[in-house]
Each structure stands twice: as C-alpha cells, then as structure tokens.
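Novice: First the structure, then my questions, so here it is.
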Amino acid sequence: MQTPLLDFIPAAAHPLVSELLAIDNLVIKVKNERKTRHGDYRALSNGQHEITVNSNLNPYRFLITLIHEVAHFEAYKKYGHAIKPHGKEWKRTFQHLMLPFLRPEIFPMDLLPLLANHFKNPKASSDTDTVLALALKQYNEDNDKTYVFELPLGTTFKLYNGRIFKRGIQRRKRIECVEVKSGKLYLFNPNAEVEVLEEEFISRH
C-alpha cells in the first residue's frame, strides 16, 4: 500500500498542502526514485492532471518539488498551455504558492534565507542553485554521498549510469570533467553525486 502523501512532508505543512490539493481533477502519485528528475506534471487525455514526486526525497525537498509541480498545473490553468514551462507565469505562480510555506515551523532556520533568495527568481530546477541544493542534501537520510566539488583535481569517478569521468578545473559555476571512454569534455553541477573509483578498478578499465 502506498504511503499517504502527507507523510512525506513536514507536519506543519499538512494543513496548507491539504487545502492546496483539494482539487477534483488533480492526481498526485509518489514514485520510486528517478535519477533524471525529482517530479513532473502532465495533463492526461481524460481531462485529469497528474503530478508525480520521487519517494526518496527528504521532507523539505519533497515539499518544494510538490509545490513546483502544482505551480505548473496552476499556471497552465490560468494562462493556458502556450506559456513556457518555466517562464514568467510559472515563476510568479511558484512564488505565490511557496510564500506561505516559508516559515520556521516548516523549514529549518538555516534553509529559510537560502529559500528566500532562491524564490526571488526560481529556476527550472532548484539543483541549479548550488548553495540551496547542497544545503537541502544535508537533510537526506543517506548523507554519505560524495560530490564533484569535493574531489581533488584529476580524481576519477563514476556516475549512477556507469559512465566514468576525470575531475577537471572549476569554472565560475560548473566543473570541467572529461569522460574517460570518449575523451569528451562535460560541465558538471558542483553538487552532482558521484562514486570515487579506486586505482585497482581504474587499471582494469
């Protein structure tokens, strides 16, 4: 049986979320982890609207993701589907919906100023706000992850999909990494989660 939605968010946010989601044609589903996204929204052919959110997110990340997707639904309902997915209409809607949640009863005090700054101009993904994303990750249950920005120059690492890279220099917002197999250069988000490879593994490949 699926865990009730409210169990995934901070308790103090329950009344606000319940009120926000009291919409007949909106379906919320909690999904197993998807590496490429935290959640999504789509209009269904039967006239309903579906939002999915990953089950492995910590309560604060889950709440932000849920409101992010509800903002898509509300923005399309108000402005129509011709708007850009993360354009000014969505940004305004997301800001408006998120504001009542930015309280110390719901979010830890160390997150509130970062959230206030982020919501001055919310991005398509909060992962692109590296300071906020790293702060949110401190509340993950499994917090023994390694991030690209922590690696010394030249460290070889593996991604969740098995691709192997070598850490390069830091640019202003991204880190250069070379894929070992192809030799191609990629720019990484500094807080991308990676697995450091031992010398024995590297020598075998």
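Novice: Could you give the C-alpha radius of gyration of the range 146-204 expressed as a fraction of 2.2 N^0.38 Å, taking N as the number of residues it contains? Write down the numbers at each step before the final one.
Specialist: Details: Rg = 10.5 Å, N = 59, 2.2 N^0.38 = 10.4 Å.
Compactness ratio reported: 1.02.
Novice: Out of residues 5 or more away from Val27 or on other chains, whose amide H comes under 5 Å of its own, with H placed 1.01 Å from N in the peptide plane?
Specialist: Those lying under 5 Å, H to H, from Val27 are His49, Glu50, Ile51.
Novice: Straight-line reach only, C-alpha to C-alpha below 15 angstrom: list the aspartates and glutamates that Lys78 could link to, leaving out same-chain residues fewer than 8 apart.
Specialist: Glu69, Glu89
Novice: For the range 55-129, which GluC sites (Glu not before Pro) are in a loop by DSSP, counting at most 12 other Cβ atoms within 10 Å? Walk me through the numbers on the way to the answer.
Specialist: On the way: sites: Glu69, Glu74, Glu89, Glu105; in loops: Glu105.
For GluC sites (Glu not before Pro) across the range 55-129 that sit outside H, G, I, E and B with at most 12 neighbouring Cβ atoms in 10 Å, the list reads Glu105.
Novice: Of Lys120/Lys173; Lys88/Lys123; Lys29/Lys91; Lys91/Lys120; Lys84/Lys120; Lys84/Lys173, which sit over 21 Å apart, Cα to Cα? Spell out each step's value before the answer.
Specialist: Working: Lys120/Lys173 19 Å; Lys88/Lys123 10 Å; Lys29/Lys91 23 Å; Lys91/Lys120 9 Å; Lys84/Lys120 18 Å; Lys84/Lys173 25 Å.
Those over the limit are Lys29/Lys91; Lys84/Lys173.
Novice: Can you tell me, using C-alpha contacts under 8 Å and at least 6 residues apart, the relative contact order of the chain as a whole percent? If you can, show how the numbers build up before the last one.
Specialist: Details: 264 pairs, mean separation 26.6, N = 205.
Averaging sequence separation for qualifying contacts and normalising by length gives 13 percent for the chain.
Novice: Hey, in the GNM for the chain with a 10 angstrom Cα cutoff, which one of Val30, Val17, Val180 fluctuates hardest?
Specialist: Val180
Novice: Check each of the GluC sites (Glu not before Pro) in the range 163-201 and keep only those in coil by DSSP with at most 16 other C-beta atoms within 10 angstrom; list them in order. Please list the in-between numbers first.
Specialist: Working: sites: Glu176, Glu179, Glu193, Glu195, Glu198, Glu199, Glu200; in loops: Glu198.
Answer in residue order: Glu198.
Novice: Further question: Only four residue types carry charge here, +1 at the Cβ of Lys and Arg and -1 at the Cβ of Asp and Glu. Report the dipole size of the range 146-204 about the Cα centre in Debye, rounded to the nearest 20. If you can, show how the numbers build up before the last one.
Specialist: Values: 11 positive and 8 negative charges, 87 e Å.
In total the dipole reaches around 420 debye.
Novice: Using alpha carbons only, how many angstrom separate the centre of the range 1-49 from the centre of the range 60-113?
Specialist: Spelled out, the Cα-based centre of one part sits 13 Å from the other.
Novice: Taking only the alpha-carbon atoms of the chain, what semi-axes of the equivalent ellipsoid follow from 5 times the gyration tensor eigenvalues under a square root, in whole Å, largest first?
Specialist: Details: eigenvalues 232, 68, 62 Å².
Ellipsoid semi-axes (Å, largest first): 34, 18, 18.
Novice: Work from the charge dipole of the chain (Cβ charges, +1 for Lys and Arg, -1 for Asp and Glu, about the Cα centre) and give the residue of Leu57, Ile164, Ser18 farthest towards its positive end.
Specialist: Of the candidates, Ile164 comes out farthest on the positive side.
Novice: What percent do you get for the relative contact order of the range 146-204 when only Cα pairs under 8 Å and 6+ apart count?
Specialist: On the way: 105 pairs, mean separation 21.6, N = 59.
Worked out over the range 146-204, it gives 37 percent.
Novice: Can you give me the angle between helix 88-98 and the longest principal axis of the chain, using Cα atoms only, in degrees from 0 to 90, rounded to the nearest 10?
Specialist: The helix 88-98 is inclined about 80 degrees to the chain.
Since every read-out is calculated from the coordinates, none of them should be taken as a lab result. Since this is a predicted model, take the numbers as computed values, not measurements. Please note: Cβ atoms are built from the backbone with ideal geometry, for glycine as well, and neighbour counts cover all protein chains shown.
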